[in-house]
Structure formats: structure tokens, C-alpha cells
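The values are calculated or read from the model by the stated rules, or taken from the named source; none is laboratory data. Every value quoted in this text rests on a predicted model; they were computed, and no experiment measured them. Every residue, glycine among them, receives a Cβ derived from its backbone with ideal geometry; neighbour counts consider all protein chains shown.
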Amino acid sequence: MQEQETINNSEFTNVFRAPQTGRLLALDLGTKRIGVAVSDELQFTVRPVCVIERKAWKKVLKQIIALIEEFDAVGLVLGLPYNFDGSESEMSAEARRLARNFSLSLTIPVFLQDERVSSYAAKGFLWKSGVSEKEARKRVDSEAAAIILSDFITLRNQLLEKEKFNSD
């Protein structure tokens with residue numbers, strides 16, 4: 001039953017379809033909170049924005065739509081949580097389900113990005129920055145979203161460069 005609800009990987013992971021200019025919005029999907037980050041219009045930098053409490057789908061969707069409008073985002077990137085061995089987890093299926101829901105509800109393209117170590121990296125970054133443990137707990141989800149978005153942009157740029165190099 002679960003496999004019927006998930007979608008083809010390539011539909012949401014084809015980074016070549018991602019707009020190369022304009023702001024991208026990223027989400028780190030948790031069971032209780034959703035971290036949000038945004039890129040600049042040229043997609044050179046990313047920054048954490050906020051954390052949304054994960055409640056009813058309609059409420060989350062309204063908040064995401066408001067953020068897309070606020071930042072005039074041209075694409076949405078969702079973190080795709082794999083197990084450390086690369087296998088899919090229960091949360092992977094949930095991320096794919098939400099990607100499908102967002103793609104049906106939004107007018108901008110939706111992408112999935114491997115986020116295997118984003119939360120650990122975010123915690124490490126905050127710890128090295130001297131942020132208190134209490135403050136780190138508040139910010140870790142949006143920092144993880146920023147890492148997901150940065151990874152997505154980096155991967156896309158590397159693949160585009162490789163494709164350009166191979167066609168020359």
C-alpha cells in the first residue's frame with residue numbers, strides 16, 4: 001500500500017529542471033517542526049528563515065504559500081531523509097508524499113534533496129558558532145533547511161558544469 005502512495009524518484013530529483021535564477025525555498029521536514037530557508041535571487045547564498053510547527057496539512061500549506069509569496073520563490077526544495085546506508089526510511093515515504101502534495105497545490109516546481117546529515121551538520125555549525133543549547137534547539141531545523149538548500153544548489157551547479165564540459 002505504501003509504495004502505491006509514493007512517486008517516481010526522478011520526478012522530484014531532476015535538478016536540471018530547477019530554475020537557475022530566482023529565490024528557492026527549502027524545507028527540512030520533521031515530525032513536529034518544519035525548518036525553512038531561502039536563497040538569494042542569484043542562488044549564491046542561503047539563509048535560515050523560520051521554523052513552522054507541523055500541524056494540519058492545510059495550515060502548513062497556507063504558511064508555505066505565504067512564504068513563497070513573501071520571497072517570490074521560483075522553486076521549493078524538500079529534504080529527503082535517507083538512512084545512513086542509503087536506504088529509504090519511513091520518513092522518506094512521508095517526504096515523497098508531501099512533495100507530491102506540494103506539487104499538486106503549488107504553481108512552482110518541487111524538488112527533493114538528500115538530507116542524510118543536514119541536522120547533524122546544523123547542530124555542529126550552531127555549536128561551533130557558540131550558540132546556547134536552548135537557542136540551538138530553536139534554530140536547528142531552519143539551519144538544516146539552509147544546508148539542504150545549499151547542497152541542492154551545489155549539486156545542481158556541479159551537474160550543469162559537468163554537462164557543459166562534456167558537451168564542449
Worksheet item: Here is a list of conditions, (1) touching a strand residue (DSSP E or B) at 6+ places or on another chain (Cβ under 7 Å); (2) modelled with pLDDT of 90 or more, and A18 meets all of them except one; can you say which number that is?
Response: (2)
Practice prompt. Could you figure out which of (1) surrounded by fewer than 15 Cβ atoms within 10 Å (Cβ to Cβ); (2) over 22 Å from V15 (Cβ atoms); (3) among the hydrophobic types (A, V, I, L, M, F, W, C) isn't true of F44?
Written response: (2)
Discussion item. Just to be sure I understand the filter: pairs with C-beta atoms under 9 Å, separated by 6 or more residues or on different chains, first member in segment 67-89 and more than 30 Å from E41 (Cβ to Cβ), second member assigned to a loop (DSSP other than H, G, I, E, B) and modelled with pLDDT of 85 or more. Which pairs pass?
Written reply: E88/P81; S89/P81
Discussion item. Looking only at segment 145-162, how many residues end up being touching a Ser or Thr at 6+ places or on another chain (Cβ under 9 Å) and free of Cβ contacts under 8 Å to residues at least 24 places away in the same chain?
Written reply: 0
Discussion item. Here are the criteria: (1) modelled with pLDDT of 75 or more; (2) touching a helix residue (DSSP H, G or I) at 6+ places or on another chain (Cβ under 8 Å); (3) among the acidic types (D, E). Tell me which single one D85 does not satisfy.
Written reply: (2)
Worksheet item: So, in segment 29-39, of the ones that are in contact with a Lys or Arg (Cβ under 7 Å, 6 or more places away or on another chain) and surrounded by 14 or more Cβ atoms within 10 Å (Cβ to Cβ), which residue ends up farthest from E94 (Cα to Cα)?
Response: S39
Discussion item. Can you name every one of the strands (runs of 3 or more DSSP E) wholly within segment 3-113 that holds 2 or more residues which are over 12 Å from the mean Cα position of the chain (by Cα)?
Written reply: 46-53
